[in-house]
Every structure is written in structure tokens, then in C-alpha cells.
1. What FRET efficiency, computed as 1/(1 + (r/R0)^6) with R0 = 60 Å and r the Cβ-Cβ distance, is obtained for Phe299 and Ser455, rounded to the nearest 0.05?
2. Got a sec to turn the phi values of region 149-161 into Karplus ³J(HN,Hα) couplings, 6.51 cos²θ - 1.76 cosθ + 1.60 with θ = phi - 60°, whole Hz, x for Gly and Pro?
3. Report the semi-axes of the equivalent ellipsoid for region 340-489 in whole Å, largest first, where each axis is √(5λ) for an eigenvalue λ of the Cα gyration tensor.
4. I want to check the label-to-label distance for Asp474 and Glu367. Put each point 7 Å from Cα in the C-beta direction and report it in nm to one decimal.
5. What percent of all Cα-Cα pairs in region 432-489 falls into each 10 Å bin, going from 0 up to the bin containing the maximum distance?
6. Exceeding 25 Å between C-alpha atoms, which entries from my cross-link table qualify? They are Lys256/Lys298; Lys298/Lys362; Lys119/Lys256; Lys120/Lys200.
7. What is the calculated FRET efficiency for Leu383 to Lys256, with r their C-beta to C-beta distance and R₀ = 22 Å, to the nearest 0.05?
8. Name the long-range amide H neighbours of Gln166: under 5 Å, sequence gap of 5 or more, or other chain; modelled H, no Pro or chain starts.
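Readers should treat all values here as calculations from the given coordinates under stated rules, not as data from a laboratory. A quick note: this is a predicted structure, and the numbers were derived from the prediction, not measured. Positions of Cβ are backbone-derived with ideal geometry, glycine not excepted, and every protein chain shown enters the neighbour counts.
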Amino acid sequence: MAGRSPTMIVTNTPAKDLAYTNFAYCNPSDLRNYVVPGSKLAFAVIGDVSVLSIAYPFNKHLTDLSHATCIISSGHIALNAIQRRHAKVSTGDPISVNRFIPPENFNLALLTLELEFVKKGARDEHVDAGLLSQQIRNRFVNQVMTAGQRVTFEYHGNGYIFTVTQAAIEGQEKSKGIERGMISADTYIIFEAPNSSGIKIVNQREAASSNIFRHKEFNLQSFGIGGLSAEFADIFRRAFASRVFPSHVTSKLGIKHVKGMLLYGPPGTGKTLMARQIGKMLNGKEPKIVNGPEVLSKFVGETEKNVRDLFADAEQDQRTKGDQSELHIIIFDEIDAICKSRGSTRDGTGVHDSIVNQLLTKIDGVESLNNVLLIGMTNRKDLLDEALLRPGRLEVQVEISLPDENGRLQILQIHTNKMKESSFLAPDVNLEELAARTKNFSGAELEGVVKSAVSYALNRQLNMEDLTKPVDEDNIKVTMEDFLNALHE
Ligand code: ADP
């Protein structure tokens, strides 16, 4: 541990009304050494287990110590009874206090708290998980929580103690070894209340879906996807929050995994790119991609069989590995080809119905599989059979629309990146201007513009009299003029 580790004498918390706080107190001059820059809190490690936040009395900003209302004499640290128990110290004990330097990526992704009453007020015993977690995040933001730590907290006139039963930092949700971290605006909090506590937790499920991934910034550009980070964040929150957390957590929440989603919007906007990326992120390998018209067969019953075959691997895995089965992601492009709504098929044979049914039984019917995620894609959502879009089926539906100017710029950057690195891109090329001039272009069309500009540049280097003559590579330059020519094609 860096820095000095002075000894302080433990005293009781100085004021009665501090009994319901989680803060330890010490003299401002002692505090100065422990303040974490940019934060109104200081952290200390007492012994080797406890991480306590030290705040000035009544949680005043440390920069404004003139508001001090209760001074603890220098060299003392005031801990309440719970904190003393936690740190295994008594009043009068000398303890050594280390400044706590939070490591990088120390934000908690998940915090599980067990609630008990310490003081029951007049209010009812229902605890709204969404509201309470918001309160806890606001109040304890930037504070370190350690598994096993007990914290007193007042909410709606009731006094609670919560015990931290699980604390997991970002990116390591699945590992059990991580036991402490700092509460952030994104920390997802799960409440547990033993039956004997008399507390009823409500709205935990809503809290889960609205809080996770709310502020997550996804850098999709590095995956070659431009302009779709808001859509991606939306998909992630709605469809995958439940898959990122371990099953014992999701089962406590009563969350069922999303098994189907639909990406819809004009062609060439990046739906396939997105679906692929999602697949890779969720199970680290290329997902299976099929195409509606390919699956469709003119022979009776053959299409249904093709649909069944798509799920064969997943079925086999579920049979042999049960809960341990890996996730099978099936990307279904042009899903409208096989799942048209009844009104739109005029043959009256009911063939489409049986294909739709075949698909549905695998997602939420009698043969339903828990280890599949079906990502349907279509340019024509309006053609789809309504039955496919109900909850439990392709329930998460996200529109992927044409890129805005900023999105177009990102897409142009992505597709010119290589030539920029190899200095084939002339310095006069102004991508911002091109983005401004390509309103209503899809990603695929922008890619087409880049390809066409390249063809103009290459053409300049060709010697039409002697096509076998080697090209002068160093002279290849794609210029703004090439792009403008491409735009006017
Ligand atoms: P969709 O599935 O929506 O019809 P695709 O994802 O197949 O469209 O896009 C076709 C091609 O167009 C992609 O392979 C990519 O090169 C380019 N493209 C489309 N949208 C984007 C985007 N948002 N960012 C980068 N490239 C894009």
C-alpha cells in the first residue's frame, strides 16, 4: 500500500444522528492525506479487510471544511458499532489506516444486498427495487463496498441494514473471486430479503432491465460498424443483460432469457454486421447465418424440415449438456420470406402457417430450446406474421435506419481506414463534406461510393496501351475528385 500508514485511535461516532450512516469520521487535517482527488470522499483500509469511506461529518464537501459541525480530535477515527465490528476493533484501539487507492476498472457491475430492518417506520414493507437502487447509487456513488460489509441506510422513514452478499466488478461478473468495488451510476443492484425480515422486494425485474447497460458506450467503430452505437446499446440492454449475469442471479430475478429478436429497416444499413457482432460478443465465434429464400423449398414439408434442421445442433447440445450447453445463435436473414403473415399469402394452403409454427415451437413451444437466440432480419417488418412478434418470440425489435450525418462520417472513415493507413488516400479528401453530401445513403451505398472512388484512382494508373505494364503503386492516390465523381455516378 502506497503512502504513510498512520495510527489512529478508534472512537465512537460523535453524534447520535450518525448512527445511520456508513461513514467513518476523522479530523479534517487527518483527512487531507486520504482524500481521493476529484471526489468528496476519502477511502481507507483498516486492517486488511475493511474498506471504509471517510467523509467529513454530515457528508459536507471536503473542499468546504468551514462547515464543520463536529470535530474529532486529531489522530482519532470515529467508527460506528457496525463499522467497528466489521473492522474487528473496539473504541480506544490504535489502528493503522492506509490510504486506499482504487485500482483501475474498480466500478461495481453488480451488487447483491440482503436487507433487514433496523428501525421500522410507519411505511409499508414493500421495497421498490428500482427506486431503492437508484437511491443507493446516488447516495453511495464512489464508495467502496466489500462483500460481507454491513451498511445502515434510511429510506422512506424505515431504517435498514444491508449486507453485501456479492460484489462483482465490470467484466468479471462471472468470477466469484472479486469481492469489492466502487458503486457507480451503472451499478446494478439486486436486493434479497430473507422471509423472516418481513420485507417484500417489488419491481426487481424492471430495475434489472432499465438499469443495466444504460450508459454503456460501445465502440462499434473498432468492429467496423458505423453510426449504430445507440441501437447497439439498446439491443444489449434489452436482449443480453440477462445473458451476461450468471444463471443463479437471473433465476433469482425471474428473468427469462430473450430467445428471439428482430432487426428491421432498409437494406444495407448494417443489420447483418450487427447481428454478426452480437453473435461474436455473446459466444466468441461466428454465428450461423441462413437466408429465408434458401430455407424455402417448393416441396411439401421440406421447408419445415429445413427449419427443424437449423436447430438440430442446439437440440443435441441441450439434450447432452443441459444447462451447460453453449448458446446457439441463428441469424435469419430475410425472415419475411418464410414468415409472411396470412393475409399476404394468397395460396390459402396454410403452408406458411405450418412453417411459422415450426419455427415457433423451437423458440417458445413444446420443443422449446433454452440455448438458442434467433436473430431475424427483414426489410419488411410489415409483412411478418404477427404471431412471430409476440412476447417470448422475436420480442426485442430494433429498427436499424439510414445513418445520420455523423453515422455516415463514421462509415466513410471505416471504409477508408485501410487506404489512409497505407497513404493511398489523398490529403484533400474531406470525409466530413462527403458525409454531408450523402443524405439518405445507406452504409452499403457509402461503401459503394468508396469502392467506386478507388476504381477511378486505379484507372488513372492503368496504361491502356499496355495493360501488362506493372502499375506504379506509390503513385496510387484516391482524391476528393474521385469521390465526387463516384457520387455523381
Ligand atoms: P443489411 O443486413 O442491413 O442489409 P449489411 O449489414 O449486410 O446490411 O451491410 C452490407 C455492407 O454494407 C456491409 O458488409 C458493410 O460493408 C456496409 N455497411 C452497411 N452498414 C454499415 C455500417 N453501419 N457501418 C459500416 N459499414 C456498413
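1. Details: r = 43 Å, r/R0 = 0.72.
Computed FRET efficiency for Phe299 and Ser455 comes out at 0.90.
2. Karplus-based 3J(HN,Hα) across region 149-161 equals 5, 10, 10, 8, 7, 10, 8, 6, x, 9, x, 10, 10 Hz.
3. Numbers: eigenvalues 446, 63, 50 Å².
In descending order, the three semi-axes are 47, 18, 16 Å.
4. 6.5
5. 22, 45, 24, 9, 0
6. Details: Lys256/Lys298 36 Å; Lys298/Lys362 22 Å; Lys119/Lys256 35 Å; Lys120/Lys200 13 Å.
Where the Cα-Cα span goes over 25 Å, the pairs concerned are Lys256/Lys298; Lys119/Lys256.
7. Working: r = 27 Å, r/R0 = 1.25.
Once the sixth-power term is evaluated, E becomes 0.20.
8. Here the answer is Thr112, since their amide H atoms fall under 5 Å of that of Gln166.
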